[in-house]
Amino acid sequence: MPEQWSPWIPISESRKLKVLGKLAEECGELTSVISRCIIQGIDELHPITNKSNRQWLEEEIADVLTSMGLIIVELGLDIEFMEERSKVKEKLLAMWLKAL
């Protein structure tokens, strides 16, 4: 099969790179605390800071939500589409949870 040229062009605009990078960073931190909650329990305390995993989870969810809002504005994303999709997903997840 012959090689084909890819039309993909990476983002080079500094502002877009920064806001996307920040969202990725915040999502990574949220992933870390989710793992910690699974492994240790949501109400366990960090041995040095004495912060609960619950508080840390709340903080990281807030950080991701804030970064998501920034991305929506900076990239001009379709908020109505995302709200509709969210409603559909919420219904599907409610059915999934009910089946557990």
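Every number in this text was worked out from the coordinates using simple rules, so none of it is lab data. Note that the coordinates shown come from a computational prediction; the quantities given were computed from them, not determined experimentally. Please note: Cβ atoms are built from the backbone with ideal geometry, for glycine as well, and neighbour counts cover all protein chains shown.
Numbers below:
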quantity	calculated
Extension reserve of the Gln4-Glu58 stretch, reckoned as 0.36 nm per residue once the Cα distance is removed	14.8 nm
Reachable aspartates and glutamates, given that their alpha-carbon falls under 17 Å from the alpha-carbon of Lys87 and they are not under 8 places away in the same chain	Asp78
Cα lying deepest toward the dipole's positive end in the stretch 10-78, options Ser14, Gly28, Leu70, charges on Cβ	Ser14
Cα→Cβ-extended label distance, 7 Å offset, between Thr49 and Ser12, nm	3.9
Rotationally averaged projected area of the stretch 14-99 (alpha carbon convex hull; nm²)	7.3
